[in-house]
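Colleague: Take a look at the following structure, please.
The values are calculated or read from the model by the stated rules, or taken from the named source; none is laboratory data. Because the structure is predicted, anything quoted here is derived from the model rather than measured. All Cβ positions, even for glycine, are placed from backbone atoms using ideal geometry, and neighbour counts span all protein chains on display.
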Amino acid sequence: MTLPHKDRFEIPEGVIYLDGNSLGPLPKGAAARAGEVIASEWGQQLIRAWNTADWISLPARVGDRIAGLIGAPAGSVATGDTLSIKVYQALAAALKMNPDRRVILSDAGNFPSDLYMAQGLIGTIDKGYELRTPAPTDVAQAITDEVAVVMLTHVDYRSGRLHDMKAITEKAHSVGAVMIWDLAHSAGAVPLDVAGSNAEFAVGCTYKYLNGGPGAPAFIYARPDIVETVEPALSGWMGHDAPFAMELGYRPAMSTERLRVGTPPIVQLSILDAALDAWDGVDMDDLRAASIALCDTFIAEVEARCPELTLASPRSGTERGSQVSFAFAHGYEVVQALIDRGVIGDFRAPEIMRFGFTPLYIDTADVVGAAKILEEVVKGELWRDPKYQTKSKVT
Ligand SMILES: *Cc1c(COP(=O)(O)O)cnc(C)c1O
């Protein structure tokens with residue numbers, strides 16, 4: 001099947017959407033599904049819908065569909081909560097697996113929330129844990145036998161730089177460290193073999209390349225051979241072996257379900273379930289080839305048209321996720337001027353303009369069109385317009 005599948009999405013007229021790495025667009029069928037869940041299931045079936053519409057197994061069903069996209073076996077992925085929560089859970093569980101070590105190793109390219117969650121957990125445990133954040137290129141050599149857990153985001157949210165999942169996991173295991181991968185910018189962006197990497201944990205969100213909508217639930221994978229020994233730090237009733245037995249003591253489910261916490265967000269999960277239909281028949285290797293071609297074209301077009309901008313992503317497609325970033329001192333203003341002209345990308349402080357290339361609905365004409373408009377904005381200094389100078393809360 002050839003890409004893209006623009007017909008599977010509602011993309012507004014006149015918009016070139018290069019921000020699917022931050023919030024995927026609305027997949028066709030998702031709104032109808034949400035409407036049905038609200039009006040018919042919630043509205044008519046009321047609480048019975050947990051059984052009659054099988055809401056109760058929706059988190060696991062959706063988890064299995066995500067598993068298929070990340071190279072994990074069925075039953076190994078739980079859904080719910082937000083990614084920050086899933087990071088916390090994976091990290092807390094990993095530290096328990098290595099009780100004599102005190103170092104959490106991440107990198108300076110990681111998304112702040114992952115680092116903040118680690119800092120919060122360190123404070124809560126209060127046993128002298130230390131978070132180390134070397135430069136992404138120095139991580140491999142910083143994996144020493146002091147390290148309890150290596151916690152990395154596979155694709156750097158700013159630069160798009162890709163870590164070698166298999167090699168780093170092997171290095172972590174060779175010194176006895178536990179490995180956690182954050183797949184926020186990988187799931188739905190690059191082919192993944194989570195099971196083959198042998199990492200203990202993987203986490204990710206579903207509102208980026210998986211198009212689950214704002215606030216869509218996150219996911220967590222635990223390696224099947226260890227899951228029954230994983231100690232859940234957030235021991236909510238939905239992770240209990242028998243939630244409706246209403247026992248006084250916590251007894252975790254004997255599967256990844258133990259990493260669930262509370263009541264699942266059924267409407268949002270239903271939207272995600274419908275959104276995952278957009279992947280039907282899509283081969284991840286074809287997606288990767290299309291992604292690299294789109295990104296390469298964008299780099300070539302922008303470098304030819306706008307020498308003022310500096311490429312802030314790896315030049316080689318195999319070292320990049322599915323995004324391209326350019327640094328420019330007035331990046332924020334340029335992005336606002338682009339958005340005003342229908343090219344939606346985003347800005348990450350201090351000076352990164354970020355463009356996501358999502359081959360499910362972006363084609364070469366979009367890429368060239370976006371580069372032309374970028375040239376107009378940069379060459380014509382259209383970004384100097386005062387209306388682009390005030391920063392919104394969300395950049
Ligand atoms: C997007 C992203 C998050 C966001 O976490 P939420 O809890 O879903 O807001 C966290 N970590 C990484 C690496 C991300 O890219």
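Colleague: What number of residues in the stretch 1-45 are in a helix (DSSP H, G or I) and among the hydroxyl-bearing types (Ser, Thr, Tyr)?
Modeller: Let us first name the residues in the stretch 1-45 that are in a helix (DSSP H, G or I), namely 6-8, 30-45.
Now narrow it down to the ones that are among the hydroxyl-bearing types (Ser, Thr, Tyr): 40.
Adding up the residues that qualify gives 1.
Colleague: Oh, and also: For the condition within 14 Å of the ligand (Cβ to nearest atom), surrounded by 24 or more Cβ atoms within 10 Å (Cβ to Cβ) and either among the aromatic types (Phe, Trp, Tyr) or not assigned by TED's automatic domain parsing to the domain that holds Pro136 (or both), what is the one hit in Tyr209, Tyr221?
Modeller: On the way: Tyr221 fails: within 14 Å of the ligand (Cβ to nearest atom).
None of the other options fit; the residue is Tyr209.
Colleague: Among the numbered conditions (1) surrounded by 17 or more Cβ atoms within 10 Å (Cβ to Cβ); (2) in contact with a strand residue (DSSP E or B) (Cβ under 7 Å, 6 or more places away or on another chain), tell me where Leu276 comes up short.
Modeller: Failed condition: (2).
Colleague: Have a look at Leu115, Leu131 and point out the one that is part of a helix (DSSP H, G or I) and in contact with a Leu (Cβ under 9 Å, 6 or more places away or on another chain). Spell out how you get there, then give the answer.
Modeller: Working: Leu131 fails: part of a helix (DSSP H, G or I).
Result of the check over Leu115, Leu131: Leu115.
Colleague: Determine whether the stretch 161-175 contains at least one residue that is within 16 Å of the ligand (Cβ to nearest atom) and in a helix (DSSP H, G or I). So that I can check it myself, show each step before the final result.
Modeller: Kept after step one, since they are within 16 Å of the ligand (Cβ to nearest atom), are these residues of the stretch 161-175: 161-163, 165, 168.
Those left that are additionally in a helix (DSSP H, G or I): 165, 168.
Within the stretch 161-175 (the criterion being within 16 Å of the ligand (Cβ to nearest atom) and in a helix (DSSP H, G or I)), the answer is yes, since at least one residue qualifies.
Colleague: Confirm whether Met151 is within 16 Å of the ligand (Cβ to nearest atom) and not in a loop (DSSP other than H, G, I, E, B).
Modeller: Numbers: within 16 Å of the ligand (Cβ to nearest atom): yes; not in a loop (DSSP other than H, G, I, E, B): yes.
Yes.
Colleague: Please list, ordered by first then second residue, the pairs with beta carbon atoms under 9 Å, 6 or more apart or interchain, first in the stretch 104-131 and within 17 Å of Asp182 (Cα to Cα), second among the basic types (Lys, Arg) and part of a strand (DSSP E or B).
Modeller: Ile104/Arg132; Leu105/Arg132; Ser106/Arg132; Asp107/Arg132; Gly109/Arg161
Colleague: Checking Gly262 against (1) in contact with a helix residue (DSSP H, G or I) (Cβ under 8 Å, 6 or more places away or on another chain); (2) part of a loop (DSSP other than H, G, I, E, B); (3) not assigned by TED's automatic domain parsing to the domain that holds His240, only one condition comes out false. Which one?
Modeller: (3) is the only condition that Gly262 fails.
Okay, residues lined up against (1) closer than 20 Å to Asp286 by Cβ; (2) within 27 Å of the chain's Cα centre (by Cα); (3) crowded, with 21+ Cβ neighbours inside 10 Å; (4) in contact (Cβ under 8 Å) with a residue 60 or more places away in the chain:
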| residue | (1), (2), (3), (4) |
| --- | --- |
| Thr310 | no, yes, no, no |
| Ser313 | no, yes, yes, yes |
| Ser316 | yes, yes, no, no |
| Ser322 | yes, yes, yes, yes |
| Ser325 | no, yes, yes, yes |
| Ile344 | no, yes, yes, yes |
| Arg348 | no, yes, no, yes |
| Ala365 | yes, yes, no, no |
| Leu382 | no, no, no, no |
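Colleague: Would you please name the residue that is farthest from the ligand (Cβ to nearest atom), looking only at residues in the stretch 194-206 that are outside any helix (DSSP H, G or I) and crowded, with 22+ Cβ neighbours inside 10 Å? Quick ask: steps written out before the conclusion?
Modeller: We begin by selecting, within the stretch 194-206, every residue outside any helix (DSSP H, G or I); these are 198-206.
With crowded, with 22+ Cβ neighbours inside 10 Å added as a condition, the list becomes 199-206.
On the way: Ala199: 15, Glu200: 18, Phe201: 14, Ala202: 12, Val203: 8, Gly204: 8, Cys205: 5, Thr206: 9 Å.
Among residues in the stretch 194-206 that are outside any helix (DSSP H, G or I) and crowded, with 22+ Cβ neighbours inside 10 Å, the one farthest from the ligand (Cβ to nearest atom) is Glu200.
Colleague: Let me ask you something else. What single numbered condition from (1) within 12 Å of the ligand (Cβ to nearest atom); (2) outside any helix (DSSP H, G or I) fails to hold for Asp100?
Modeller: (1)
Colleague: I would also like to ask the following. For the subset of the stretch 105-147 comprising residues that are closer than 19 Å to Glu170 by Cβ and within 16 Å of the ligand (Cβ to nearest atom), which member is surrounded by the fewest Cβ atoms within 10 Å (Cβ to Cβ)? Lay out the reasoning, then the answer.
Modeller: As a first pass, look at the stretch 105-147 and keep what is closer than 19 Å to Glu170 by Cβ: 105-107, 134, 136-147.
From what is left, the residues that are within 16 Å of the ligand (Cβ to nearest atom) are 105-107, 136, 139.
Values: Leu105: 22, Ser106: 25, Asp107: 23, Pro136: 19, Val139: 23.
Per the criteria, the residue is Pro136.
Colleague: I would also like to ask the following. Tally time: how many residues in the stretch 46-94 are crowded, with 24+ Cβ neighbours inside 10 Å, assigned to a helix (DSSP H, G or I) and within 14 Å of the ligand (Cβ to nearest atom)?
Modeller: Qualifying residue count, the stretch 46-94: 6.
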